[in-house]
Amino acid sequence: FFFAAHITGGMSATVPSVACVASRSKARACGSGRAWRVNHSPAFASTTHRAAPYRSVGSFQRRRACVSAAGDDGDDVGAAPTSGQHRSTVPNDGATSRLPTYHVHEPIDSFDVIVVGAGHAGCEAALAACRRGARVLLLTLTLDKIAWQPCNPAVGGPAKSQLVHEIDALGGEMGIMADRCYLQKRTLNFSRGPAVWALRAQTDKWEYSRAMRTRLEQEPLLELREGMVTELLLGNNDDVRGVKTYFGMEFHAPSVVLTTGTFMSGQIWVGRETLPAGRAGEAPSLGLTENLVKLGFETGRLKTGTPARVDSRSIDYSNLEAQPGDTDVRWFSFDEKHHVERPQMTCYLTRTTNETHRIIKDNLHLTPTYGGWVGAKGPRYCPSIEDKIVRFTDKESHQIFLEPEGRSCPEVYVQGFSTGLPEKLQLPLLRTLPGLENVKMLRPAYAVEYDFLPAYQCGPSLETKKIAGLFFSGQINGTTGYEEAAGQGLVAGANAAAVALGVKQLLLPREGSYLGTLIDDLCTKDLREPYRMLTSRSEFRLVLRSDNADSRLTPIGRDRGLVTDDRWDMFCAKTKRAENELARLKTTRAKSHGALVAAVIAETFRKDTSKDANAASTAAKKPTRDSFTLEELLRRPHVTYATLEEHGFGAGGGDDGNEDGKKNDDETKTHPMSRWEKESLETTVKYEGFITRQEAQVAKVAGKMNKQIPPSVDYGKITTLRMEAREKLQKMKPATVGQASRIGGVTPADVSSLLVHLEVGSRKSSRADERAATKATRKKEAGEEMEAREAEAERVESSR
């Protein structure tokens, strides 16, 4: 009865009529620039519902033509929008994308993009594709573990926080979810420079998963479905056409994104005991690896692991070192409406003991790695506790952090204590840690081995070189970490939509972002161990800070249809405030005899211990100029915005804040700068010289390293290259000289030889083109001369 009532009465209130949908489709096909938005509570006139027919694969070409017809009306999509361009042709409100030309209840097996796997990479890929207007199917083994955090339930950390800020700047979801679901936040490396500041959030893993699933279900262009993909469907030209599931279902799409995580032929190990699984309690994905090998892809095996979970109620916290969160909470998202503070939970620190080390050393032969029955490489920068004991023999103890996994459950994550020891040894091992003498273990630690595909088989768009329209993203590419996976997913999803819809791809250069660095490393290095992002992997850390991620990437995201109208308006307003404030700092001057300059001098000498001893000379120190600009004062190491505000020179501080009598900008007073904007501008002012120098380096490197390499280059015939370089270049097939220079085994001398070869080839090609053009011109002139002679002969003949 309930189902019948829903079909007959409720459907008309939530589903648009066929005629309504058809009219919108017609408007789009005719190139209309009208902005259609999804209303969460629409009131449609029609009271009937007719089931729409299944759509064939051919509908892709028709819909692609519709999207092109309703595009930018001849605008140059390659140019990033300026701050004055506040609206796009096809708006996006963040929670939803363009209204599809068919409603969500119609049966359909054809899509624009199919995403396989609903982990962090899969969620970002699906949402990015939807933002670009693609109809997306998201297939996952279980709908109950969407965006699950099977290891440490935390987001951010060194270099990883920069990735999360960049994901947010491109319109992604991870930063918003972390800000919404955090249990604790701390800023790491805060005593060092701003280039390496790292925000880390401990999150509630259950809340995070529920929030991400809710976000996916709100997306009208997205369909969620359980299914195990075992086979790719291909066309006649080595292009992907869809996927086939274990139970024989076929779904069709011109773009497919594989984000399989640790599930491809996953195998869990606890000591000598093993179980086929992608992670604890979940079956692996079988058959897909064999299908990819059959298609010619190279595969390998990697290993990772996770520590035991223990009962918080059985831990004695009285003698443990508390690790509280920061009272000054920072945020991943640049959208301030998501900045809602919540109560924080405390983490705790304990350490290993001599007894801990003894048990591990005595039982190393029982672990999968040291026992010899698992040969896959594990993550170098997140080693198991037995690896720490073996590799760092000089350490008497190792730090172990106890971190809560949720607000409403007693499970505690024992960070830094992952192990492959048998389960019967794990509890005695845990009880050697101070505070855990009577602990109860809820879940055992385990190692997991899984298949991956070396990412040199992908290009910078993460599309595979062998199969057109097929994209790899996340741990399938050999990375480790939620943040690395999410970043790849966003790029792969955006580019999969670009292939399906025929629009411009999202390509991020190495020098412009950590995401670009990550993808460049994956595509140019033959990695055989899990890859983790580090700040040291980027050559341009000073210009790739967290605080300026939006200024670097939001215009690019807007140009590719990933950034919503609201976010773009917010970014433009923020940019204008920063420009106005910087202009104010450059032009506003403070008198040398004023209180501000005196305070700056006093603070400078107070911090300078070498001059502090001479109190008399310090007091007698006089400024050498009549006045200073606020920019000059703020550039000093110990002067902050708080110093300016304390003396009435803050942004929007009032009409009387300027000793020269100039009024502050009206826009700044109406919409004052946030503390994060001030902090970012202060960093820009203080490090202006270094930033300018590095930007010049970036421009210089980009000019040479971004030189394209034709796909037809036969490296085996370049005799000036060493044999190893020829083999590596032929295998990796880099797209640019920069990528070639970063391939292992390719020396600077090889790069020089390659540049010479490309220059010679370019000149030969130019000369050949000139000769061909000259020949064509001469042939044309000879033809015209012959025609003129024939015409003259006919004229003479007719005159006779």
Which one is least open to solvent (accessible area, probe 1.4 Å) among residues in region 403-425 that are among the charged types (D, E, K, R) and over 23 Å from His357 (Cβ atoms)? Glu405
Residue set Ala740, Ala788; condition surrounded by 17 or more Cβ atoms within 10 Å (Cβ to Cβ) and assigned to a helix (DSSP H, G or I); output residue Ala740
For region 383-397, state whether one or more residues are under 28 Å from Gly266 (Cα atoms), touching a helix residue (DSSP H, G or I) at 6+ places or on another chain (Cβ under 8 Å) and hydroxyl-bearing (Ser, Thr, Tyr). yes
Note down all Cβ pairs under 8 Å where the first residue falls in region 555-574 and is free of Cβ contacts under 8 Å to residues at least 24 places away in the same chain and within 25 Å of Gly502 (Cβ to Cβ), the second is of a type in the set (Val, Ile, Thr) and open to solvent by 30 Å² or more (accessible area, probe 1.4 Å), and they're at least six residues apart or on different chains. none
Out of the residues in region 176-185 meeting the condition of being aliphatic (A, V, I, L, M) and touching a helix residue (DSSP H, G or I) at 6+ places or on another chain (Cβ under 8 Å), tell me which one is surrounded by the fewest Cβ atoms within 10 Å (Cβ to Cβ). Ile176
Which condition number in (1) more than 25 Å from Cys572 (Cβ to Cβ); (2) modelled with pLDDT of 85 or more is the one that Trp676 fails? (1)
On the basis of being on the phi > 0 side of the Ramachandran plot, surrounded by 18 or more Cβ atoms within 10 Å (Cβ to Cβ) and in contact with a helix residue (DSSP H, G or I) (Cβ under 9 Å, 6 or more places away or on another chain), does Gly561 make the cut? yes
Exclusive hit being closer than 29 Å to Asn319 by Cβ, part of a loop (DSSP other than H, G, I, E, B) and open to solvent by 10 Å² or more (accessible area, probe 1.4 Å), set Asp394, Asp387: Asp394
Return a yes/no flag: does region 302-317 have any residue that is under 25 Å from the mean Cα position of the chain (by Cα), basic (Lys, Arg) and either surrounded by 14 or more Cβ atoms within 10 Å (Cβ to Cβ) or closer than 23 Å to Pro383 by Cα (or both). yes
Go through (1) over 32 Å from the mean Cα position of the chain (by Cα); (2) of a type outside the set (Phe, Trp, Tyr); (3) crowded, with 21+ Cβ neighbours inside 10 Å; (4) part of a loop (DSSP other than H, G, I, E, B) one by one and return the number of the condition Leu429 breaks. (4)
Just name the residue that is farthest from Ile476 (Cα to Cα) out of those in region 108-120 that are open to solvent by less than 10 Å² (accessible area, probe 1.4 Å) and small (Gly, Ala, Ser). Ser110
Counting only residues in region 452-476 that are of a type in the set (A, V, I, L, M, F, W, C) and in a strand (DSSP E or B), the one most open to solvent (accessible area, probe 1.4 Å) is identified as Ala468
Which count do you get for residues in region 525-557 that are within 17 Å of Tyr381 (Cα to Cα) and β-branched (Val, Ile, Thr)? 1
Flagged in region 305-327 as touching a Ser or Thr at 6+ places or on another chain (Cβ under 6 Å) and β-branched (Val, Ile, Thr), in numbering order, are Thr306
For region 720-737, which positions are of a type in the set (Ser, Thr, Tyr) and outside any loop (DSSP other than H, G, I, E, B)? Thr736
Exactly one condition in (1) touching a residue at least 60 places away in the same chain (Cβ under 8 Å); (2) buried (at least 24 other Cβ atoms within 10 Å of the Cβ) is not met by Thr479; state its number. (1)
Identify, by number, the condition in (1) among the hydrophobic types (A, V, I, L, M, F, W, C); (2) at pLDDT below 85; (3) under 14 Å from the mean Cα position of the chain (by Cα) that Leu527 doesn't meet. (3)
Looking at Thr618, Thr624 in this structure, which one is out of contact with any His (no Cβ under 9 Å at 6 or more places or on another chain), in a helix (DSSP H, G or I), at pLDDT below 85 and over 23 Å from Leu544 (Cα atoms)? Thr618
Is it true that some residue in region 429-444 is at pLDDT 95 or above and in contact with a Gly (Cβ under 9 Å, 6 or more places away or on another chain)? no
Answer yes or no as to whether Arg532 is at negative phi, at pLDDT below 95 and open to solvent by 10 Å² or more (accessible area, probe 1.4 Å). yes
Looking at this structure, is Gly242 under 17 Å from Phe111 (Cα atoms), in contact with a His (Cβ under 9 Å, 6 or more places away or on another chain) and crowded, with 16+ Cβ neighbours inside 10 Å? yes
Looking at the structure I just gave you, is Thr517 surrounded by 19 or more Cβ atoms within 10 Å (Cβ to Cβ) and touching a strand residue (DSSP E or B) at 6+ places or on another chain (Cβ under 8 Å)? no
Output for region 240-285, where each listed residue is touching a Phe, Trp or Tyr at 6+ places or on another chain (Cβ under 8 Å), charged (D, E, K, R) and more than 28 Å from Ala128 (Cα to Cα): Arg272
Ala376: at pLDDT below 95 and either closer than 21 Å to Ile476 by Cβ or of a type in the set (A, V, I, L, M, F, W, C) (or both), yes or no? yes
Pick from region 145-175 the residues that are within 22 Å of Ala308 (Cα to Cα) and small (Gly, Ala, Ser): which of them is surrounded by the fewest Cβ atoms within 10 Å (Cβ to Cβ)? Gly157
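The values are calculated or read from the model by the stated rules, or taken from the named source; none is laboratory data. Computed from a predicted model, the values in this text were never measured in an experiment. Neighbour counts run over all protein chains shown; Cβ positions are idealised from the backbone, glycine included. Heads up: the accessible areas ignore ligands, DNA and RNA and are worked out on the full protein's heavy atoms, side chains in. Shrake-Rupley method; radii C 1.70, N 1.55, O 1.52, S 1.80 Å.
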